[in-house]
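The values are calculated or read from the model by the stated rules, or taken from the named source; none is laboratory data. None of these values were measured; they are calculated from a predicted model. With ideal geometry, Cβ positions are generated from the backbone for all residues, glycine too; neighbour counts draw on all protein chains shown. The accessibility values were calculated without ligands, DNA or RNA, using every heavy atom of the protein model including side chains. Shrake-Rupley method; radii C 1.70, N 1.55, O 1.52, S 1.80 Å.
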Amino acid sequence: MTTTGGPDAARVAEIGKYQVLVHPPRADLLAIVEIAAQVAQTPMATINLITDTEQHQIATHGFDPSVCAREDSMCNVVLHEGRPVVVPDASLDPRFRDNPFVTGAIGNVRFYATHQLLTPEGVVIGTLCVFDEVPRSLTDEQERALLGLADRVVDLLELEFRTRELERSNEQLAAFAGQVSHDLRNPLTAVTLSLKMIEEEVSASEDDQLEMTFLVQRAIGGADRMQSLINDLLAFARVGGELQRGPVDLAAVVADVQEDLAAALAGTTVVVGELPTVVGDPVQLRAVLQNLVANAAKFVRPGQPAHIEVDSTRIGDRWRVEVRDCGPGVPADQQERVFQPLARVNEDVEGSGIGLTTCRRIVEAHGGRIGLTDAPYGGTCAWFELPD
């Protein structure tokens, strides 16, 4: 009997990260098993990965790969021996003589040698195995060579995994770089607009100190928020994209977003309801709300002013935040597609097509969900849910 806890769970997780059970046999692993057979001078060799229920032959030499029940696996019997196992004649070994790979039910294995595949995390995920249908033995030199090949199997799996992780990080950084330029444009616009108005006020009436003070404070506030955003994003990049969790007052975040989007929200009615304080990364959650509010302001019906509502509701152990507009809406068959990179519904509206993609990545990193539905009175309702 097998279980899903303890070593089994760790092994299944390690195997899953390598993604080799869902792809065709890799050429580099096929080359390893061919070399293993040559080194051992056996007609057959295989790389086995053993989950909680099955043995998967992910690369073979001398026969076709297959999947069998874990209890039928010879390698499962000695998976945690902690050293290579060499059996000259499996039909004479009490551990294997009744195994279907030995009795003829599945195979007629006699000589059998297996070397554990140990990951850098110290988890045995399977074996490099060579075998023959006649009894035989291995020299010390052959055993050492097979042990080295088993280590190379893990090295290849790790290399592919690290390469895939690097590619994913590069994609995230590229998306985030585009998002940074998008998000910084709005507070920068507010700063520029305020400074231009200051210039006009100074020229028109140098005595109007109160108005000038307000404009200066607004410009400084926008610049400070922009600097804070830059610093936080740089910190985010340095730590490899880890969430910096803490209390986030979404009402205060929306207030800041409205100020930074002052130019884009000109003439727009924004109604803000009760918003909670949640636990999350303040920089990233602000990016989500800024994108959703900015989108709501951009998509309007011809001749109608923009109207935006931001509200929240409690659903079980989650907070659901909604940003609703009265624009033309998003067709039902496009409401999922818009979260894909570079996907856009209306090419006439300025945008990069990466905002919602980044929003989804951020919300899912918080353990939440995000999506679009139709607003009750027409338009689009962009929503996201965050757990406690």
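Within region 265-301, work out how many residues are closer than 13 Å to V253 by Cα, open to solvent by 50 Å² or more (accessible area, probe 1.4 Å) and among the polar types (S, T, N, Q). Counting residues in region 265-301 that are closer than 13 Å to V253 by Cα, open to solvent by 50 Å² or more (accessible area, probe 1.4 Å) and among the polar types (S, T, N, Q) gives 1.
Any residue that is modelled with pLDDT of 90 or more, assigned to a helix (DSSP H, G or I) and open to solvent by 40 Å² or more (accessible area, probe 1.4 Å) - is there at least one of those in region 160-177? Scanning region 160-177 turns up no residue that is modelled with pLDDT of 90 or more, assigned to a helix (DSSP H, G or I) and open to solvent by 40 Å² or more (accessible area, probe 1.4 Å).
Of the helices (runs of 4 or more DSSP H) contained entirely in region 3-122, those carrying at least 1 residues that are closer than 21 Å to V134 by Cβ fall at 27-40, 74-77, 100-103.
Residues in region 76-94 that are charged (D, E, K, R) and modelled with pLDDT under 95: E81, R83.
Screening region 34-48 for residues that are within 17 Å of V154 (Cβ to Cβ) and of a type outside the set (A, V, I, L, M) and picking the one that is surrounded by the most Cβ atoms within 10 Å (Cβ to Cβ) gives T46. Selection of region 91-115 for residues being more than 16 Å from M44 (Cβ to Cβ) and either crowded, with 22+ Cβ neighbours inside 10 Å or among the hydrophobic types (A, V, I, L, M, F, W, C) (or both) yields L92, A105.
When region 11-33 is filtered for residues that are open to solvent by 40 Å² or more (accessible area, probe 1.4 Å) and of a type in the set (A, V, I, L, M, F, W, C), the ones remaining, listed by number, are V12, A13, L21, V22, A27, L30, A31. All conditions but one from (1) closer than 27 Å to N108 by Cβ; (2) open to solvent by 20 Å² or more (accessible area, probe 1.4 Å); (3) out of contact with any helix residue (DSSP H, G or I) (no Cβ under 8 Å at 6 or more places or on another chain) apply to P7; the one that does not is (1). Scanning region 94-149 for residues that are of a type in the set (G, A, S) and in contact (Cβ under 8 Å) with a residue 40 or more places away in the chain yields A113, G126, S137, A145. Put simply, of Q244, Q304 the only residue that is open to solvent by 60 Å² or more (accessible area, probe 1.4 Å), touching a residue at least 12 places away in the same chain (Cβ under 8 Å) and more than 29 Å from R168 (Cα to Cα) is Q304.
Taking the criterion of being basic (K, R) and part of a helix (DSSP H, G or I), the only residue of region 123-147 that qualifies is R144. Filtering region 331-366 to residues that are at pLDDT 70 or above, crowded, with 17+ Cβ neighbours inside 10 Å and farther than 17 Å from P376 by Cβ leaves V338, F339, L356, T357, T358, C359, R360, R361, I362, V363, H366. When the strands (runs of 3 or more DSSP E) confined to region 251-330 are screened for residues that are in contact with a strand residue (DSSP E or B) (Cβ under 7 Å, 6 or more places away or on another chain) and under 14 Å from T380 (Cβ atoms), those reaching at least 3 such residues are found at 307-315, 318-325.
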